[in-house]
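In what follows, a single structure is set out as structure tokens and then discussed.
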Amino acid sequence: MTDLFLHDSAARTKRRFQPIDPAHVRMYVCGPTVYDLAHLGNARPVVVFDVLARLLRRLYPQVTYVRNITDVDDKINARSRDSGEPIAAITARTTADFHRDMAALGALPPDVEPRATGHIAEMIALIERLIANGHAYAADGHVLFSVPSFGDYGKLSGRTPDELLAGARIDVAPYKRDAGDFVLWKPSDDATPGWGSPWGRGRPGWHIECSAMSWKHLGEEFDIHGGGHDLIFPHHENEVAQSVCAFPGHAFAHYWMHNGMLLVDGEKMSKSLGNFRTVRDILAEGPWAGEAFRLLLLRTHYRASLDFTMEALREAKAELDDHYAMLSRAPAAPGGGAATHLADWVIAPLLDDLNTPLALARLRDLRTLENAVTVGGSPAVAMERAGLTTPPAPGVAAAAFREAAAVLGVATGDPAAWLQGGGDDAADVEAAIAARLAARKAKNWAEADRIRDDLKAKGILLEDGAGGTTWRRA
Ligand SMILES: [Zn+2]
């Protein structure tokens, strides 16, 4: 395998990835604020950085992937006030919903999933360091970060001081020394969650939460910090300011990666446009929908904006149907050797800043190579692209497919279960197949054909083979 290159938002260019410790790669990604179901845009970074984590695990002996849960936030407080549901119930339920939805998208859990409310002591310690270093000040029950005290402020997002002010949605507060200063700690009234602190009972600002959780679990500096493009300013700009000023001499994140935005039907998703979709809405389309949505996300390069349409979701399902049909027919073959060589060819584009569209195209070429053995078709074009002069032996392309697909996290399920669609009528189909077998044994061909036609009318196709009868949905 060759070197890994990643686009670093801070450098505004692709850079060769050089981990701080090649024996242990460390990555932090901003997780959800748990007050509502995840929408389609929330799913994109989860899937993108899941692929990156899988790739890093293939390349390095140890990876620690940290993705937080923000369970203290004014949006959560507002939701509780509006609905009357206790805050703890909202955050517990929404966290469980998030876990279920992301698992349905094939995203593996991160190695550590810290909750903000479990790290208040670290936040207070960070804020105390910032005050001691002259980068923060207490005023009127608040603690603010002094933006003019950090000369590199604005470097990550590339904004000028005027743009910074315009983008920060400044609320002019009398306790701020500078209009751009942002809140590290704020006072809580009796009806709002709060913790004791040197500045009175209060709660953290959002930005300090991520600086504290990444510090606790990954140290003063680590390799990769990821998140959605919309987090670069002010959230990530403020994280840099806090962490670099609290720990002088440390660079915080060495690589910043941001995924592009997700549109629905060509428009920015919004409740007023009627194109707002939760992940749960998509999963309701069928047992295939989670994996199809994951494939849809990966068919666009992570930095580009992505347009979700139901047609694109159905196209992704059709691609998975073809993949699983190939896997269900392919003869078993050992991995390693030629198979690993072909798997590396599929994975190679991922080393070039996670080029998932090209990796998926090469996965389709492996399908063509395997299908040429089992159902026919010409492998010539796929062979040329893969640099092969002779077709792979039966099962070898499928073994390579499985190995590479595991890095992408697509088509990794049981082919028979996929092709049977996970419907709740599987027992009825099995009973009909048994009845047809009995009819055939009794040489009652008319009855056997009637059962087959009956199933076909319901969209169930039977395939008689040496090992018995298998079925799949049309
Ligand atoms: Zn964050």
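Laboratory data are not the source of any read-out in this text; all were calculated from the coordinates shown. Because the structure is a prediction, the values reported are computed rather than measured. No Cβ is skipped: glycine too gets one built from the backbone with ideal geometry, and neighbour counts run over all protein chains shown.
Decide, for region 16-111, between rounded, prolate and oblate: order the square roots of the alpha carbon gyration tensor eigenvalues as a ≥ b ≥ c, take rounded if a/c falls under 1.5, and otherwise choose prolate if a/b is larger than b/c, else oblate.
Prolate is the answer for region 16-111, as a/c is 1.5 or above and a/b outweighs b/c.
Rounded if a/c is under 1.5, else prolate if a/b is larger than b/c, else oblate: which is region 373-433, with a ≥ b ≥ c the root eigenvalues of its Cα gyration tensor?
Prolate, because a/c is 1.5 or more and a/b exceeds b/c.
Pull out a ≥ b ≥ c, the square roots of the eigenvalues of the alpha-carbon gyration tensor of region 1-61, then state rounded if a/c is under 1.5, prolate if not and a/b is larger than b/c, and oblate in the remaining case.
Here region 1-61 falls in the prolate category.
Kirkwood hydrodynamic radius, the chain, all distinct C-alpha pairs: what's the number in Å?
25.1 Å
Using only alpha carbon pairs under 8 Å that are at least six residues apart, calculate the relative contact order of the chain and give it in whole percent.
So the answer I get is 15 percent.
How large are Rg and Dmax for region 307-417 when calculated on the C-alpha trace, in angstrom?
For region 307-417, the Cα-based Rg and Dmax read 13.5, 40 Å.
Over region 423-473, what portion of Cα pair distances is larger than 19 Å, expressed as a whole percent?
Across region 423-473, Cα pairs with separations above 19 Å total 18 percent.
When the dipole is taken about the Cα centre of the chain, and only Lys, Arg (+1) and Asp, Glu (-1) are charged at their Cβ, what size is it in debye, to the nearest 20?
Around 740 debye, computed over the chain.
Ranked by Cβ crowding within 10 angstrom, fewest neighbours first, how are Asp365, Asp344, Asp453 ordered?
Listing Asp365, Asp344, Asp453 from fewest to most nearby Cβ atoms yields Asp453, Asp344, Asp365.
In degrees from 0 to 90, rounded to the nearest 10, what is the angle of the helix 237-246 Cα long axis to the longest principal axis of the chain?
Taking Cα atoms only, the helix is inclined about 60 degrees.
Across the chain, how many lysine pairs, 8 or more apart or on two chains, come within less than 19 Å at their alpha-carbon atoms? Numbers along the way, then the final one.
Details: Lys14/Lys155; Lys75/Lys186; Lys75/Lys271; Lys176/Lys186.
Total qualifying Lys-Lys pairs in the chain comes to 4.
Based on the inverse mean of 1/r over its pairs of different Cα atoms, what is the Kirkwood hydrodynamic radius of region 5-259, in Å?
Over region 5-259, the inverse of the mean reciprocal pair distance is 18.9 Å.
When the C-alpha atoms of region 90-201 are aligned to their principal axes, what extent does each axis show, in angstrom, from largest down?
46, 38, 25
Defining a contact as two alpha carbons under 8 Å apart and six or more residues distant in sequence, what relative contact order in percent does region 191-298 show? Don't skip to the answer; put the middle values down first.
Working: 86 pairs, mean separation 22.0, N = 108.
Dividing the mean separation by the residue count of region 191-298 yields 20 percent.
Under 5 Å between amide hydrogens, which residues at least 5 positions from Asn355 or on another chain qualify, with H placed 1.01 Å from N in the peptide plane?
Answer set, sorted by chain and number: Leu350.
Please work out the ratio of the alpha-carbon Rg of region 294-350 to 2.2 N^0.38 Å and round it to two decimals.
Relative to the rule-of-thumb radius for its length, region 294-350 sits at 1.44.
For region 307-417, what relative contact order do you get, as a whole percent, if you take Cα pairs closer than 8 Å and at least 6 residues apart?
Normalised by residue count, the contact order of region 307-417 is 37 percent.
Could you check what % of the DSSP bridge pairs in the chain are antiparallel, to the nearest 5?
55 percent
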